[in-house]
Amino acid sequence: MKIKIYYERCNLCKECINKCPFGAIEIKENRIVINDNCTLCGLCIKICPQKAIEKEKEEIKEIDLSEYKGIWFFVETKNGEIASVSYEMLTASKKLKKKLNEEICGICFGKNLKDKVNGLIKRGANKIYLIEDDIFCEFKEEIYAKSLAYLIEKYKPNIVLAAATMLGRSFIPSVAVKVKTGLTADCTDIDIDEKAGLLIQTRPTFGGNLMAKIICERHRPQMATIRPKIFDPANEEENINGEIIEEKINFKIDDKINICGKEKIENIVDLQEAEIIVSGGRGLKEGKNFEIIQELANLLGGAVGASRAAVDSGWIEYPHQVGQTGKTVKPKIYIACGISGAIQHLAGMQTSDYIIAINKDPDAPIFKVANLGVVGDLFEVLPILIKKIKEQGGK
Amino acid sequence: MKIIVCIKQVPEGVDVKVDPITKRIIREGVKSIINPYDLYAIEEGIRLKERFGGQTWVISMGPLQAESAIREAIGMGIDNGILLSDKKFAGSDTLATSYTLSLGIKKIGDFDIIICGRETLDGSTGQVGPGIAEHLGVPYITYVSKIVDIRENEIECIRLMEDHYEIIKTKLPVLMTVIKEINEPRIPSLKNMLRAKKIEIPIWNAEQLEGNDQFFGQDGSPTKVIDVWTQTIKKDGRKIEGDPEVLAEEILKELKKLGVL
Ligand SMILES: Cc1cc2nc3c(=O)[nH]c(=O)nc-3n(C[C@H](O)[C@H](O)[C@@H](O)COP(=O)(O)OP(=O)(O)OC[C@H]3O[C@@H](n4cnc5c(N)ncnc54)[C@H](O)[C@@H]3O)c2cc1C
Ligand SMILES: Nc1ncnc2c1ncn2[C@@H]1O[C@H](COP(=O)(O)O)[C@@H](O)[C@H]1O
């Protein structure tokens, strides 16, 4: 909103100046002017005897919200397969459908995916919009963003969800800018407010210490990225009723990014997807002791994490770092070994379902978030634990 | 070469408090710092200048006090700073923030590289970098871990994805968001701090940015925070001490209970 003064009607009666609660109106060069104190409360508009003050008309063309229908989720693929997070997004969509009763559509880009997306229909998707094209073989933000924006503009969905993976977080923000709508990041819960029919999006900030509820009232679609591992993957359903709709790229894509090489990161089971993470910190004393951590992780079928101290000491590579400047993880079990639990580390792991901490300092802050705090020397406890697990024949 | 670094001032630490009645984040008594990720962005900007020549800028949108963050960046070695500040910018979400910053960047003009942090400590959306690029219509690369080279207007860099690194080449101009792995931020030098103290930092308001008012601040923000609350993550955990053999046995029992073994 903006205030507009029609000077031809104003007779400088000063009524507005006297009544403005904020001292925001003054006379300059024989004219009423509104200064920086204005809070747009609108009182002056109401009281002006000459009707010389008006609300400037908003030029935003109000969109017809009822035109927008459908719950969409982006189907992320990985090495040509449907990524497990995509089934989680389907579960999230199904949760919304219970209250919203709009159809669930998956959006999928890639090659040779027709059979694979059938799995989504079996699990409850009503439609899959599929674009098969060689240009999707490499993930490039501009190509993915433009294609998704194209479909959004064509079919006008009410809600668009995507996983808050590195891929989702990379390209979804530019989709939201292209279609000029809001985007809520990293949600840990979503729901429908039944009265208003709005998407209620809950997300953590400040490393999980502050939770916020966010809505997107006047813009469509309502878009959100959702953290992996919040929703379980969708199960198959009995009464399935879905179709695959093939779309084509019939627009120009100006692709300036050139991917000239890829290097796999050794030993990294995707930390954000791992159900179990065994992490090591400064308490490991030297890099080669990460072998114990790796061994335990292997036995449990988990991934290896690390504190910043361990990464900064050069004991393990950065992609393993958990915490504020590393990854935020939420596994079923997090085992912290020799990690003091600085607030920056806690920020990245404290929402794990179950935390086991091994530290020889009984006052280490890590114990504040641990479900099971083990006060002891990791070099004594871990080898015994490993032996015991092996005796049982492992996992 | 012209390098523009986007920085945000944030409250220090993640231990926030919320006023139970007004639902506002309590900022009094909390020190403001440069968003930790943005230190890597600043450092990389300075290093690019050292390697390839040119000039460096920092730009920030925020209240007047954000000027101190800009001075700090100049203390580290950045050449110039701009603050975008106007009551009209208040209440911006990432769409409005990236719009406003893109106007500021356009006004600085002729940029080759824009560097943003990976995400912020407070909002932590990571959406502003890609948003700016989209508004400006330049390509962008997220999660950059290394800038290999810049030659004949082409940049080669390495970016991190979930389980691999990618080597990427693209023509300038480009926007990138950087991760911690890229460098180790320097401490401000005495000489630069003196310069930072004296330098004039222009403040640009909505009018000077010549944008469309309806896209600034709250009006231009589709998302609305309707509730905030703090979450104390206090586990009703138990602590055990004693013989390593017994401790290991306890962990084993727990893992079995959790269904892992
Ligand atoms: C609790 C809470 C939740 C929020 N959730 C959302 C949400 O889900 N969606 C949404 O759209 N908005 C949200 N916002 C608003 C949003 O956080 C900020 O208002 C927005 O201005 C900046 O976004 P960010 O802090 O997430 O920045 P990010 O996108 O995380 O920042 C990335 C980088 O962009 C640059 N940058 C960011 N802000 C500035 C700035 N002001 N000046 C210069 N450079 C900058 C920096 O280089 C930074 O490292 C939320 C705010 C709060 C308090
Ligand atoms: N042998 C050890 N076993 C268990 N904890 C240890 C050992 N040595 C050091 N620590 C702890 O490791 C922590 C270092 O953590 P950080 O600095 O976060 O990596 C400190 O809290 C120490 O108490």
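With θ set to phi - 60°, apply the Karplus curve 6.51 cos²θ - 1.76 cosθ + 1.60 along segment A:8-20 and write out the HN-Hα couplings as whole Hz, x wherever there is a Gly or Pro.
Taking θ as phi minus 60°, the curve returns 5, 8, 6, 10, 6, 6, 6, 3, 5, 4, 5, 8, 4 Hz for segment A:8-20.
When the accessible area of segment B:112-211 is split by element with a 1.4 Å probe, what percent falls to carbon and sulfur?
51
Identify which of A:K154, A:K14, A:K252 has the largest mean-square fluctuation in a Gaussian network model of chain A, with springs joining Cα atoms closer than 10 Å.
Largest GNM mean-square fluctuation: A:K14.
Using the crude model of +1 on Lys and Arg Cβ and -1 on Asp and Glu Cβ, and no other charge, please compute the dipole size for segment B:185-261 relative to its Cα centre, in debye to 20.
Numbers: 13 positive and 13 negative charges, 90 e Å.
So the dipole magnitude of segment B:185-261 works out to roughly 440 debye.
Tabulate in residue order the Karplus-calculated ³J(HN,Hα) for segment A:277-290, using 6.51 cos²θ - 1.76 cosθ + 1.60 with θ = phi - 60°, rounded to whole Hz; enter x for Gly and Pro.
Once rounded to whole Hz, the list reads 10, 10, 10, x, x, 4, x, 6, 6, 8, x, 5, 6, 5.
Would you work out which of A:G80, A:Y68, A:A185 lies farthest towards the positive end of the dipole of chain A, given +1 charges on the beta-carbon of Lys and Arg and -1 on that of Asp and Glu, about the Cα centre?
The residue sitting farthest along the positive end of the dipole is A:Y68.
Near the amide H of B:I33, under 5 Å away, which other amide H atoms are found, from residues 5 or more places off or on another chain, if H is placed in the peptide plane?
Placed amide hydrogens put B:V10, B:E12 under 5 Å from B:I33.
So which GluC sites (Glu not before Pro) in segment A:219-281 pass both tests, a DSSP loop state and at most 12 other Cβ atoms within 10 Å of the Cβ? It would help to have the intermediate numbers written out before the result.
Details: sites: A:E236, A:E237, A:E238, A:E243, A:E246, A:E247, A:E263, A:E266, A:E273, A:E275; in loops: A:E236, A:E237, A:E238, A:E266, A:E273, A:E275.
When the GluC sites (Glu not before Pro) of segment A:219-281 are filtered for loop state and at most 12 Cβ neighbours within 10 Å, A:E236, A:E238, A:E266 remain.
Once you order the gyration tensor axes a ≥ b ≥ c over the Cα atoms, which shape class does segment A:186-287 get: rounded for a/c under 1.5, otherwise prolate or oblate by comparing a/b with b/c? Present the calculation step by step, with values, prior to reporting the outcome.
Values: a/c = 1.72, a/b = 1.25, b/c = 1.38.
The shape class here is oblate.
Identify which of B:I158, B:I141, B:I21 has the largest mean-square fluctuation in a Gaussian network model of chain B, with springs joining Cα atoms closer than 10 Å.
Checking each option, the largest mean-square fluctuation is seen for B:I21.
Using a/c under 1.5 as the rounded threshold, could you call segment A:65-247 rounded, prolate or oblate? The axes a ≥ b ≥ c are square roots of the C-alpha gyration tensor eigenvalues, and prolate needs a/b larger than b/c, oblate otherwise.
On the way: a/c = 1.37, a/b = 1.23, b/c = 1.11.
The shape class here is rounded.
Note down the nm distance, to one decimal, between modelled labels 7 Å out along Cα→Cβ at A:N18 and at B:E245.
9.4
A:E380 to A:E266: FRET efficiency via 1/(1 + (r/R0)^6), r the Cβ-Cβ distance, R0 35 Å, to the nearest 0.05? Spell out each step's value before the answer.
Numbers: r = 29 Å, r/R0 = 0.83.
Rounded to the nearest 0.05, the efficiency is 0.75.
Which residue fluctuates the most in chain A, going by a Gaussian network model with Cα springs under 10 Å, if the choices are A:E88, A:E286, A:E132?
So, out of A:E88, A:E286, A:E132, the one fluctuating most is A:E286.
Could you compute the net charge surrounding A:A164? Neighbours are other residues with a C-beta less than 10 Å from the C-beta of A:A164; K and R count +1, D and E count -1.
Numbers: positive: A:R169, A:R203, A:R227; negative: A:D186.
Combined, the nearby Lys, Arg, Asp and Glu give +2.
Within 10 Å of each Cβ in A:271-283, how many Cβ atoms from other chains are there, averaged over the peptide? Before the final figure, lay out the partial values.
Working: counts 2, 1, 2, 0, 1, 3, 0, 0, 0, 0, 0, 0, 0.
Mean inter-chain Cβ contacts per residue within 10 Å come to 1.
Taking only DSSP H segments of four or more residues, each worth -39500 (n - 2.57), what value at 222 nm results for chain A once the sum is divided by all its residues, to the nearest 500 deg cm²/dmol?
Values: 10 runs with 101 residues, N = 395.
About -7500 deg cm²/dmol.
Helix A:141-155: angle to the longest alpha-carbon principal axis of chain A, degrees 0 to 90, nearest 10?
Helix A:141-155 and the main axis of chain A meet at about 50 degrees.
In what sequence, highest mean first, do B:54-64, B:219-229 appear when ranked by Cβ atoms within 10 angstrom? Each step should come with its number before you reach the end.
Values: B:54-64: 20.6, B:219-229: 18.3.
Going from most to least packed, we get B:54-64, B:219-229.
For A:C337, enumerate residues with amide H under 5 Å from its amide H, sequence gap 5+ or separate chain, H modeled in the peptide plane.
For A:C337, the qualifying residues are A:S279, A:G280, A:G281, A:I358.
What do you get for Rg/Rh of chain B when both radii come from the Cα atoms and Rh is the Kirkwood radius?
When Rh is taken as the Kirkwood radius, the ratio is 1.07.
I'd like the antiparallel share, as a percent to the nearest 5, of DSSP beta bridges with both residues in the protein assembly as shown.
On the way: 49 of 123 bridges.
Looking only at bridges with both residues in the protein assembly as shown, the antiparallel portion is about 40 percent.
With +1 on each Lys and Arg Cβ and -1 on each Asp and Glu Cβ, and nothing else charged, work out how big the dipole of the protein assembly as shown is about its Cα centre, in Debye to the nearest 20. Before the final figure, lay out the partial values.
Details: 92 positive and 96 negative charges, 278 e Å.
Its charge dipole is roughly 1340 debye.
Sequence neighbours fewer than 8 away in the same chain don't count; with that in mind, list the aspartates and glutamates whose C-alpha is under 19 Å from B:K106.
B:D79, B:D86, B:E134, B:E207, B:E210, B:D213
Taking each residue of A:353-360 in turn, how many C-beta atoms of other protein chains fall within 10 Å of its C-beta, and what is the average? If you can, show how the numbers build up before the last one.
Details: counts 1, 7, 3, 6, 2, 3, 0, 0.
Other-chain Cβ atoms within 10 Å of each residue's Cβ, averaged: 3.
Taking each residue in B:128-135, count the Cβ atoms of any other chain within 10 Å of its Cβ, then average. What number comes out? Walk me through the numbers on the way to the answer.
Numbers: counts 1, 3, 11, 5, 3, 5, 10, 2.
Across B:128-135, the average partner-chain Cβ count within 10 Å equals 5.
Helix B:36-52 sits at what angle to the longest principal axis of chain B, using alpha carbons and giving 0 to 90 degrees rounded to 10?
The helix B:36-52 is inclined about 50 degrees to chain B.
What shape does the protein assembly as shown take by its C-alpha gyration tensor, where a ≥ b ≥ c are the square roots of the eigenvalues and a/c under 1.5 counts as rounded, a/b above b/c as prolate, and the rest as oblate? Please list the in-between numbers first.
Values: a/c = 1.64, a/b = 1.40, b/c = 1.17.
Prolate is the answer for the protein assembly as shown, as a/c is 1.5 or above and a/b outweighs b/c.
Is there a quick way to get the dipole size of chain B? I mean about its Cα centre, with the Cβ of Lys and Arg at +1 and of Asp and Glu at -1; what is the value in debye to the nearest 20? Show your work: numbers first, answer last.
Values: 35 positive and 40 negative charges, 109 e Å.
Rounded to the nearest 20 debye, it is 520 debye.
What does the accessible area per residue of chain B come to in Å², with a 1.4 Å probe and no ligands, DNA or RNA counted? Please list the in-between numbers first.
Working: 11630 Å² over 261 residues.
Result: 45 Å² per residue.
Round to a whole number: what % of the accessible area of segment A:65-247 belongs to carbon and sulfur, probe 1.4 Å? Intermediate values should be presented prior to the final figure.
Details: 2790 of 6630 Å².
Carbon and sulfur: 42 percent of the exposed surface of segment A:65-247.
May I ask for the Kirkwood hydrodynamic radius of segment A:116-185, worked out over all distinct Cα pairs and given in angstroms to one decimal?
Details: mean 1/r = 0.0754 Å⁻¹.
About 13.3 Å, per the Kirkwood formula over Cα pairs.
Of A:K114/A:K264; A:K78/A:K248; A:K156/A:K327; A:K55/B:K87; B:K17/B:K257; A:K78/A:K285, which pairs sit farther than 25 Å apart, going by alpha carbon to alpha carbon? Don't jump to the answer; show the numbers that get you there.
Working: A:K114/A:K264 27 Å; A:K78/A:K248 21 Å; A:K156/A:K327 34 Å; A:K55/B:K87 18 Å; B:K17/B:K257 36 Å; A:K78/A:K285 36 Å.
As for pairs spanning more than 25 Å Cα to Cα, those are A:K114/A:K264; A:K156/A:K327; B:K17/B:K257; A:K78/A:K285.
Loop only by DSSP, 11 or fewer other Cβ within 10 Å of the Cβ. Give me the GluC sites (Glu not before Pro) in segment B:168-261 that pass, ordered by residue number.
Numbers: sites: B:E181, B:E200, B:E207, B:E210, B:E241, B:E245, B:E249, B:E250, B:E254; in loops: B:E200, B:E210.
Answer in residue order: B:E200, B:E210.
Please list, in chain and number order, the residues 5+ apart from A:G124 or on another chain whose amide H is under 5 Å from its amide H, with Hs placed from the backbone.
Sorted by chain and number, the residues that satisfy this are A:E237.
Can you give the helix-only mean residue ellipticity at 222 nm for chain B, where every DSSP H stretch with n ≥ 4 adds -39500 (n - 2.57) and the sum goes over all residues, rounded to the nearest 500 deg cm²/dmol?
Numbers: 7 runs with 78 residues, N = 261.
Rounded to the nearest 500, the figure is -9000 deg cm²/dmol.
A:E8: net charge of surrounding residues, Cβ under 15 Å, Lys/Arg +1, Asp/Glu -1, itself excluded? Walk me through the numbers before you get to the answer.
Numbers: positive: A:K4, A:R9, A:R31, A:K51; negative: A:E54.
Value of the local net charge: +3.
Ballpark to the nearest 100 Å², how much total accessible area do A and B bury together, probe 1.4 Å?
On the way: alone 21450 and 15890 Å², together 29000 Å².
Chain pair A/B: roughly 8300 Å² of buried accessible area.
Angle check, please: helix B:67-76 long axis (alpha carbons) against the longest principal axis of chain B (alpha carbons), in degrees 0 to 90, nearest 10.
The angle comes out near 90 degrees.
So what are the ³J(HN,Hα) numbers for segment A:227-236, from phi and the Karplus equation (6.51, -1.76, 1.60; θ = phi - 60°), rounded to whole Hz, Gly and Pro as x?
4, x, 6, 8, 9, 6, x, 5, 8, 5
The values are calculated or read from the model by the stated rules, or taken from the named source; none is laboratory data. Everything numeric in this text was worked out from a predicted model, so none of it was measured. No Cβ is skipped: glycine too gets one built from the backbone with ideal geometry, and neighbour counts run over all protein chains shown. Please note that ligands, DNA and RNA were not included when accessible areas were found on the heavy atoms of the full protein model with its side chains. Shrake-Rupley method; radii C 1.70, N 1.55, O 1.52, S 1.80 Å.
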